[in-house]
Every structure is written in C-alpha cells, then in structure tokens.
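The structure appears right after this line, and notes come after that.
The values are calculated or read from the model by the stated rules, or taken from the named source; none is laboratory data. All figures in this text were calculated on a predicted structure; none of them were measured in a lab. Cβ: placed from backbone, ideal geometry, glycine included. Neighbour counts: every protein chain shown.
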Amino acid sequence: MLEVTHTRAREVVGPILSPRALEALRESFDREAVALVERLIALSSFDAVSQLAGAYPLKVFGDAVGLTEEGREHLLAYGNMAFNAFGPRNQLLEASMASAQAVQRWILDNC
C-alpha cells in the first residue's frame, strides 16, 4: 500500500514540482509568505513551528496541488515519512511509516 501511495503521490506532484512549474508558482508563494508573516506579526505571540513552519508549506503546497483545506495536516505525516525514507531503514523510518499509514487513504482519495 505504501508503494502505491508513493507512486500515486509522485504522479500528482512530479509535474507540479518541475522547475518550470515552480517558477510559475513563485509569485503566489511569495504573496502567501508575506500574508502569513503579516498575520503572525499582528499577534502578540505565535508558535513558529505550527503557525509558520508547518502552516506555510501546507498552504502553498496544498494550493499548488489543488487540495481542499480540510485534511491538509495529513501532509505533515506523509512528508515526514518521505524524508525519513531517504535515510537508513531504522526506527525513525519505521515510526514515520506507521504514522503515515493512518493518512494513506486520505492521500489516495485526494491526489
């Protein structure tokens, strides 16, 4: 199931992440970054991990691939697993694969 999910996800995001496609997205990525920073500056405080580092890629990547707002947080577990897959097959990878299994259906249904 994990291979099917990964293959399907690559089919969807491959064209979106090409250099030409990313260049076309540059303006919207910049606009979203400015808007997010302005919203966060207006707060008295904020959590840099969840409200900045987590929120920005979910917004711009989710928009780029046409995902609905609902469920985008699932991309964090999938991304964690994908990045851990670049390293050795160890406990970190196994744990991230277990977490990603919970969101595989969502990924298949939305990609």
Would you please name the residue that is farthest from the chain's Cα centre (by Cα), looking only at residues in the stretch 35-75 that are at pLDDT below 95 and of a type in the set (S, T, N, Q)? Ser44
Looking at (1) small (Gly, Ala, Ser); (2) farther than 21 Å from Ser96 by Cα; (3) surrounded by 11 or more Cβ atoms within 10 Å (Cβ to Cβ); (4) without any contact (Cβ under 8 Å) to a residue 24 or more places away in the chain, which is the one condition that is false for Ala64? (4)
Which numbered condition Ile16 fails, given (1) free of Cβ contacts under 8 Å to residues at least 12 places away in the same chain; (2) over 17 Å from Arg105 (Cα atoms); (3) surrounded by fewer than 15 Cβ atoms within 10 Å (Cβ to Cβ): (1)
State the number of residues belonging to the stretch 82-105 that are in contact (Cβ under 8 Å) with a residue 24 or more places away in the chain and closer than 21 Å to Ser50 by Cβ. 4
